[in-house]
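Peer 1: Before we start, here is the structure in question, set down as structure tokens.
The values are calculated or read from the model by the stated rules, or taken from the named source; none is laboratory data. No experiment lies behind these values; they were computed from the predicted model shown. As a convention, Cβ positions derive from the backbone with ideal geometry for all residues, glycine included, and neighbour counts pool all protein chains shown.
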Amino acid sequence: MHKIFSVIATLCFYASAAWPQSVPTHLSDTLFSTYYQQRVSHFKSLPVKQDAIVFLGNSISDGAEWNELFDNDRILNRGISGDVTAGILNRIEEITRHQPQKVFLLIGTNDLSKNIAVDSVLKNIYLIAQIIRKQSPATQLYVQSILPVNNTFDRFKNHYKNQAEINRVNQALEKNASRYNYHYLDIATPLTDDDKRLARTFTNDGLHLNGHAYQVWKNVIYPHVFDLQPSPALIPYPQQIEWHKGSFLINEHTAIILSHDSLLPAAKALQAVIEHRGYKVAISNRAQTTGKHIILKTGRVISPVNSREAYHLKSAGENIILEANTMHGLHNGIQTIRQLMRNTNTVAACDIVDYPAFAWRGYMVDVGRNYQSMELLKQQLDVMASLKYNVFHFHLTEDVAWRLQMKKFPQLTDAAHMTRNKGKFYTVEEMHELRDYCKDRNILMVPEIDMPGHSKAFERAMGFDMQSDAGLLTVKEILSEFCDTYNFPYIHIGADEVKITNPNFLPEVIRLIEARGRTVVGWEPGGNFTPSVIRQLWMENAAHLAKLGKVRKLDSRNLYINHMDAEESVVSIFNHQILNVDKGDSLNLGGILCLWNDRNLDKDEHNLTHNPVYPSLAAFAERSWKGGGIPGNYAVMLQQNKSAFSAFENRLLDLKETLFSRLPFPYVKQSNIAWQLIGPYDNGGDLSRKFAPESADFNIHKVKNRQTVYGGTIIPRHFWHPIVKGIFEDARENTTYYGYQQYWSDKDTTAGMWIGFYDFSRSTMTNTPDANTWNHLQSKIWLNGQEITPPLWKRAGQQGDLEIPYIDENYIMREPVKVHLKKGWNQILTKIPVGSFTAKVWHTPNKWMFTAIIVDKQPGSIHYSQRKGYSRSAVAEKPHR
């Protein structure tokens with residue numbers, strides 16, 4: 001004890017003095033226990049682990065299986081039983097050699113048990129913080145409160161007497177967090193009983209923790225480990241919610257209690273959600289005398305709209321009560337519980353009353369052009385269910401291929417009549433399987449057989465035009481077989497992008513379908529529909545919408561994921577006001593988000609990796625459930641709705657780390673990215689012309705012709721202007737702008753950067769850029785005055801062709817550009833010239849846009865996240881931490 005005390009006193013001398021050039025932290029191993037020596041030797045023999053999260057401390061940290069607790073292999077346990085602050089200082093370089101992302105420190109109780117003074121303990125902890133900051137500047141340090149002890153046990157008497165000293169240390173650690181550049185976490189309070197001791201339910205010796213205690217500890221620090229918000233992220237966000245203190249902890253004694261046996265399917269669904277997280281719960285129709293209960297019941301939940309899907313969820317320490325008007329409402333409540341269980345077995349305490357603003361919240365996939373496997377479809381359906389979608393629009397037939405098996409006309413699915421994915425189609429059995437899969441998830445499946453347009457595959461197979469007499473007769477036979485085979489209540493007939501040569505075609509088709517008790521849906525603008533047909537809008541503005549009058553409508557305008565840049569997609573969908581109303585009614589049913597990958601694909605999973613599907617699904621889930629949006633033309637930028645979007649984005653990024661952690665999710669934080677857009681400069685049609693921002697003596701402070709804009713992707717003028725709004729409503733042709741931003745880095749490092757100047761829509765035939773160019777507009781980008789060279793395009797100058805799959809054309813399809821960041825502020829400058837706004841052909845539009853975001857690739861995942869840096873639009877001092 002005297003050796004340790006001497007070491008601590010020496011170290012504290014340095015901590016209280018001015019920062020020395022070197023700190024004497026290399027001590028003799030003989031000062032420490034054999035176990036300490038064994039552990040340190042073992043740690044030093046292990047390889048450096050990039051992006052590590054380190055739990056550092058004594059036996060209380062040593063006792064947890066942290067990587068299993070958090071299900072994350074990046075987490076390292078660097079706890080050593082019996083360790084003291086001097087021991088941490090002695091081995092600190094083994095920690096900092098990893099340059100860890102985060103360190104969670106818990107130390108000091110053993111110091112106090114050896115009668116080390118409170119001030120000495122504090123000075124050493126502050127010294128630990130300073131050394132970590134100096135040796136690993138980008139590391140986030142979390143200093144956790146020393147845990148209370150319980151003196152009613154009989155094993156660690158030297159520890160039991162120190163509660164007053166523990167309180168003093170914790171108070172000082174909390175007070176001085178900002179001074180010494182660490183975050184303070186109070187993990188003691190949730191583990192404390194009414195007498196301010198470590199609760200007996202959390203320990204069997206008064207000092208160390210049991211499994212229950214580690215679960216509580218995990219719940220406290222979970223958001224800090226994964227950079228999440230304090231409260232669980234919910235998407236879509238409930239209509240009414242009150243957060244309360246505490247949580248419901250699922251354990252081996254938890255049971256799901258049914259108010260009626262008819263609720264068993266819902267109970268089994270919830271049981272599956274919990275078991276997927278690794279915990280088993282029983283199902284019973286009567287309350288148990290012990291343990292915790294999750295009670296499911298039907299009742300009366302009042303809501304202003306769509307009461308069939310409403311639910312009331314109340315979570316508290318001892319039970320969860322989920323009440324709904326229908327099984328569908330219970331399903332919705334279970335999805336909320338799923339998201340509340342972000343750390344596997346803890347449900348935050350809250351009171352929620354919730355219901356959707358729109359009755360139809362749908363997602364469409366086009367499998368006619370590019371076949372998708374049953375496995376991939378089910379993956380998307382699972383995500384839809386978790387986000388409370390209730391409509392799956394299945395586009396089955398196209399010019400490319402007819403993918404719906406018809407027993408009477410097998411030639412329709414003959415490989416000879418398909419131009420892609422030849423021989424790939426959905427059998428009757430698979431259609432039944434998909435229908436049942438949807439039904440089990442409270443999703444309405446709406447199949448689409450496109451007619452009379454998009455029907456070249458039909459013509460190839462049958463040998464005649466669909467609008468001919470023979471064609472109409474065949475279509476009627478197809479629809480009759482379809483209605484006999486399946487009980488789908490809605491049938492989508494497409495009917496857009498075609499010249500109607502037979503005015504009787506659609507009325508007769510509609511009459512047949514409706515006579516079979518089914519409801520017809522069609523695209524608008526489209527053919528000569530009868531008033532009973534539900535119109536799904538795919539283009540046009542508010543004026544056209546008003547002309548439709550009293551017909552039932554669905555909105556898919558500017559909701560095509562395949563046309564959206566990854567960063568722009570979430571913003572534009574979040575801003576979208578569905579059908580120009582805040583909430584639905586009997587005529588305004590809702591909307592459907594669409595995935596049209598007209599371009600050929602190498603693999604069906606490229607539907608998800610070449611398009612921002614899951615970020616878009618999350619954004620549309622929010623908008624279609626909550627309602628609202630920005631009235632008027634579609635806004636694709638952050639200027640109008642930045643505050644509300646930022647709050648949503650925080651929740652979205654939380655779900656990226658939890659619900660979507662193993663799925664492609666090409667989206668990073670952008671609401672904090674501020675640009676100075678400098679210009680306009682008249683380039684006179686010469687896109688290579690240089691202007692002031694490119695000069696070596698350029699000073700941003702002296703520039704008057706600039707404005708602040710926000711986002712990772714900046715679109716000065718949208719290619720669908722004026723229906724879709726970019727930054728400028730009055731932009732001029734032959735203009736050059738520059739974008740200027742500064743980015744803070746804690747150290748000299750190599751990082752990844754998303755860079756793009758043209759989003760290649762997955763439905764266009766745009767040419768690939770020529771070699772050594774970013775796009776056909778001569779755009780450029782510089783970092784700290786050094787020009788960043790364009791990628792080595794794998795098919796530079798390739799003529800646009802829908803049959804040639806994309807490889808690396810968009811920034812989400814290729815690895816981020818490797819760039820060097822210097823310590824401090826880094827200057828990013830982009831040049832974005834434009835000539836004519838008019839494209840030579842409609843399907844290769846001139847896109848005036850750029851994307852530039854510092855990102856890091858996440859180990860073991862295919863998605864990216866923004867670095868822990870700082871972005872700003874003009875020169876400023878180093879940010880306070």
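Peer 1: Tell me, please, whether a residue that is under 16 Å from I116 (Cβ atoms) and modelled with pLDDT of 90 or more can be found in the range 20-28.
Peer 2: Filtering the range 20-28 for residues under 16 Å from I116 (Cβ atoms) gives 27.
Subset that is modelled with pLDDT of 90 or more: none.
Taking every residue of the range 20-28 in turn, none turns out to be under 16 Å from I116 (Cβ atoms) and modelled with pLDDT of 90 or more.
Peer 1: If a residue has to be hydrophobic (A, V, I, L, M, F, W, C), modelled with pLDDT of 95 or more and under 30 Å from A619 (Cα atoms) to count, how many in the range 237-271 make the cut?
Peer 2: 6
Peer 1: Write out, first by first residue and then by second, each pair whose Cβ atoms fall under 6 Å of each other, whose residues are 6+ apart or on separate chains, and whose first residue, in the range 81-104, is free of Cβ contacts under 8 Å to residues at least 60 places away in the same chain while the second is among the basic types (K, R) and in a helix (DSSP H, G or I).
Peer 2: Within 6 Å, the pairs are E94/K44.
Peer 1: Sticking with this structure for a sec: Being crowded, with 17+ Cβ neighbours inside 10 Å and assigned to a helix (DSSP H, G or I): is that true of K123 here? Show your work before the answer.
Peer 2: On the way: crowded, with 17+ Cβ neighbours inside 10 Å: yes; assigned to a helix (DSSP H, G or I): yes.
So K123 fits the description; yes.
Okay, residues lined up against (1) more than 22 Å from H576 (Cβ to Cβ); (2) of a type in the set (S, T, N, Q); (3) in contact with a helix residue (DSSP H, G or I) (Cβ under 9 Å, 6 or more places away or on another chain); (4) assigned to a loop (DSSP other than H, G, I, E, B):
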residue: S616; (1), (2), (3), (4): no, yes, yes, no
residue: E622; (1), (2), (3), (4): no, no, yes, no
residue: I630; (1), (2), (3), (4): no, no, yes, yes
residue: P666; (1), (2), (3), (4): no, no, yes, yes
residue: N672; (1), (2), (3), (4): yes, yes, yes, yes
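For every residue, the table says whether it meets (1) surrounded by fewer than 19 Cβ atoms within 10 Å (Cβ to Cβ); (2) outside any strand (DSSP E or B); (3) in contact with a Ser or Thr (Cβ under 8 Å, 6 or more places away or on another chain).
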residue	(1), (2), (3)
S761	no, yes, no
L792	yes, yes, no
I812	no, yes, yes
L829	no, no, no
F837	yes, yes, no
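Peer 1: For the range 695-718, what are the residues that are buried (at least 16 other Cβ atoms within 10 Å of the Cβ), of a type outside the set (V, I, T) and out of contact with any Lys or Arg (no Cβ under 7 Å at 6 or more places or on another chain)? Before the answer, list the steps.
Peer 2: As a first pass, look at the range 695-718 and keep what is buried (at least 16 other Cβ atoms within 10 Å of the Cβ): 698, 700, 703, 706, 709-718.
Checking the rest, the ones that are also of a type outside the set (V, I, T) come to 698, 706, 710-712, 716-718.
The answer is F698, R706, G711, G712, P716, R717.
Peer 1: Kindly indicate which of Q798, Q778 is touching a Leu at 6+ places or on another chain (Cβ under 9 Å) and surrounded by 15 or more Cβ atoms within 10 Å (Cβ to Cβ).
Peer 2: Working: Q798 fails: touching a Leu at 6+ places or on another chain (Cβ under 9 Å).
Within the list Q798, Q778, the selection yields Q778.
Table: residues versus (1) over 23 Å from I491 (Cα atoms); (2) at pLDDT below 95.
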| residue | (1), (2) |
| --- | --- |
| E318 | yes, yes |
| M327 | yes, no |
| N343 | yes, yes |
| D351 | yes, no |
| G362 | no, no |
| Q372 | no, no |
| S386 | yes, no |
| H393 | no, no |
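Peer 1: Kindly indicate which of R689, R662 is assigned to a loop (DSSP other than H, G, I, E, B), surrounded by fewer than 17 Cβ atoms within 10 Å (Cβ to Cβ) and in contact with a strand residue (DSSP E or B) (Cβ under 9 Å, 6 or more places away or on another chain). Break it down stepwise before answering.
Peer 2: Values: R662 fails: in contact with a strand residue (DSSP E or B) (Cβ under 9 Å, 6 or more places away or on another chain).
Result: R689 is the single residue among R689, R662 that is assigned to a loop (DSSP other than H, G, I, E, B), surrounded by fewer than 17 Cβ atoms within 10 Å (Cβ to Cβ) and in contact with a strand residue (DSSP E or B) (Cβ under 9 Å, 6 or more places away or on another chain).
Peer 1: Of everything in the range 92-140, what is over 22 Å from T749 (Cα atoms) and under 31 Å from the mean Cα position of the chain (by Cα)? Give them in sequence order.
Peer 2: Passing the criteria: F104, L105.
Peer 1: For the range 572-589, indicate whether the set of residues that are closer than 30 Å to T419 by Cβ, at pLDDT 95 or above and of a type outside the set (S, T, Y) is non-empty. Talk me through it step by step, then tell me what you get.
Peer 2: Going through the range 572-589, the residues closer than 30 Å to T419 by Cβ turn out to be none.
So far as the range 572-589 goes, no, none of its residues is closer than 30 Å to T419 by Cβ, at pLDDT 95 or above and of a type outside the set (S, T, Y).
Peer 1: Also, I was wondering about something else. Quick one: would you say I807 is surrounded by fewer than 20 Cβ atoms within 10 Å (Cβ to Cβ) and under 30 Å from the mean Cα position of the chain (by Cα)?
Peer 2: Numbers: surrounded by fewer than 20 Cβ atoms within 10 Å (Cβ to Cβ): yes; under 30 Å from the mean Cα position of the chain (by Cα): yes.
Spelling it out, I807 is indeed surrounded by fewer than 20 Cβ atoms within 10 Å (Cβ to Cβ) and under 30 Å from the mean Cα position of the chain (by Cα).
Peer 1: Still on this structure, please answer the following. For the range 171-203: of the residues being out of contact with any Leu (no Cβ under 8 Å at 6 or more places or on another chain) and among the aliphatic types (A, V, I, L, M), which is surrounded by the most Cβ atoms within 10 Å (Cβ to Cβ)?
Peer 2: L185
Peer 1: Are any of the residues in the range 190-197 touching a strand residue (DSSP E or B) at 6+ places or on another chain (Cβ under 8 Å) and in a helix (DSSP H, G or I)?
Peer 2: Our first condition is that a residue be touching a strand residue (DSSP E or B) at 6+ places or on another chain (Cβ under 8 Å); within the range 190-197, this holds for 191-192.
Of the ones still in play, those that are also in a helix (DSSP H, G or I) are 191.
Checking the range 190-197: at least one residue is touching a strand residue (DSSP E or B) at 6+ places or on another chain (Cβ under 8 Å) and in a helix (DSSP H, G or I).
Peer 1: In addition: For the range 858-865, indicate whether the set of residues that are buried (at least 18 other Cβ atoms within 10 Å of the Cβ) and at pLDDT 50 or above is non-empty. Walk me through it before giving the result.
Peer 2: Filtering the range 858-865 for residues buried (at least 18 other Cβ atoms within 10 Å of the Cβ) gives 863-865.
Those left that are additionally at pLDDT 50 or above: 865.
Yes, that holds for at least one residue.
Peer 1: For Y681, state whether it is surrounded by 15 or more Cβ atoms within 10 Å (Cβ to Cβ), modelled with pLDDT of 95 or more, over 32 Å from the mean Cα position of the chain (by Cα) and not in a helix (DSSP H, G or I). I'd like the intermediate steps shown before the answer.
Peer 2: Details: surrounded by 15 or more Cβ atoms within 10 Å (Cβ to Cβ): yes; modelled with pLDDT of 95 or more: yes; over 32 Å from the mean Cα position of the chain (by Cα): yes; not in a helix (DSSP H, G or I): yes.
Yes, satisfied.
Table: residues versus (1) of a type in the set (D, E); (2) more than 27 Å from the chain's Cα centre (by Cα); (3) assigned to a strand (DSSP E or B); (4) over 24 Å from Y560 (Cα atoms).
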| residue | (1), (2), (3), (4) |
| --- | --- |
| A385 | no, no, no, no |
| F394 | no, no, yes, no |
| K407 | no, yes, no, yes |
| R420 | no, yes, no, no |
| G423 | no, yes, no, yes |
| M431 | no, yes, no, yes |
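Peer 1: While we're here: Checking the structure you have, find out if any residue of the range 304-324 is on the phi < 0 side of the Ramachandran plot, surrounded by 24 or more Cβ atoms within 10 Å (Cβ to Cβ) and among the β-branched types (V, I, T).
Peer 2: Within the range 304-324, one or more residues are on the phi < 0 side of the Ramachandran plot, surrounded by 24 or more Cβ atoms within 10 Å (Cβ to Cβ) and among the β-branched types (V, I, T).
Peer 1: While we're looking at this one, here's another question. Can you say whether N115 is of a type in the set (S, T, N, Q), within 20 Å of E165 (Cβ to Cβ) and crowded, with 20+ Cβ neighbours inside 10 Å, as far as the supplied structure shows?
Peer 2: Details: of a type in the set (S, T, N, Q): yes; within 20 Å of E165 (Cβ to Cβ): yes; crowded, with 20+ Cβ neighbours inside 10 Å: no.
So N115 fails the test.
Peer 1: Name the single residue, out of those in the range 44-85 being surrounded by fewer than 17 Cβ atoms within 10 Å (Cβ to Cβ) and among the hydrophobic types (A, V, I, L, M, F, W, C), that is farthest from N110 (Cα to Cα).
Peer 2: Per the stated criteria, the residue is V48.
Peer 1: Condition first: outside any loop (DSSP other than H, G, I, E, B) and either outside the structural domain of L147 (by TED's automatic domain parsing) or over 13 Å from L147 (Cα atoms) (or both). Now tell me which residues in the range 179-189 satisfy that. Don't jump to the end; show me each part of the working.
Peer 2: Quick first cut of the range 179-189, residues outside any loop (DSSP other than H, G, I, E, B) only: 183-185, 189.
Answer for the range 179-189, where residues must be outside any loop (DSSP other than H, G, I, E, B) and either outside the structural domain of L147 (by TED's automatic domain parsing) or over 13 Å from L147 (Cα atoms) (or both): H183, Y184.
Peer 1: Right, D604: more than 24 Å from F665 (Cβ to Cβ), among the acidic types (D, E) and in contact (Cβ under 8 Å) with a residue 24 or more places away in the chain or not?
Peer 2: Values: more than 24 Å from F665 (Cβ to Cβ): no; among the acidic types (D, E): yes; in contact (Cβ under 8 Å) with a residue 24 or more places away in the chain: yes.
So D604 fails the test.
Peer 1: Based on this model, can you work out whether N390 counts as among the polar types (S, T, N, Q), buried (at least 23 other Cβ atoms within 10 Å of the Cβ), touching a residue at least 40 places away in the same chain (Cβ under 8 Å) and closer than 26 Å to V301 by Cα?
Peer 2: On the way: among the polar types (S, T, N, Q): yes; buried (at least 23 other Cβ atoms within 10 Å of the Cβ): yes; touching a residue at least 40 places away in the same chain (Cβ under 8 Å): yes; closer than 26 Å to V301 by Cα: yes.
Judged against the criteria, N390 is a match.
Peer 1: Would you pick out the residues in the range 105-145 that are closer than 26 Å to K823 by Cα and among the small types (G, A, S)?
Peer 2: Result: A129, S136, A138.
Peer 1: Filter the range 137-177 down to residues that are in contact with a His (Cβ under 8 Å, 6 or more places away or on another chain) and part of a loop (DSSP other than H, G, I, E, B) and give me whichever is nearest to I53 (Cα to Cα). Please lay out each step first, then the result.
Peer 2: Of the range 137-177, the ones in contact with a His (Cβ under 8 Å, 6 or more places away or on another chain) are 140-143, 149, 177.
Retained after the next criterion (residues that are part of a loop (DSSP other than H, G, I, E, B)): 149, 177.
On the way: V149: 27, A177: 20 Å.
Going through the qualifying residues, I end up with A177.
Peer 1: While we're on this one: State which residue pairs qualify: first residue touching a residue at least 12 places away in the same chain (Cβ under 8 Å) and under 18 Å from G679 (Cβ atoms) and inside the range 738-755, second residue assigned to a strand (DSSP E or B) and aromatic (F, W, Y) in any location, beta carbons under 9 Å apart, and separation of 6 or more residues or different chains.
Peer 2: Y738/Y681; G739/W675; G739/F850; Y740/W675; Q741/W675
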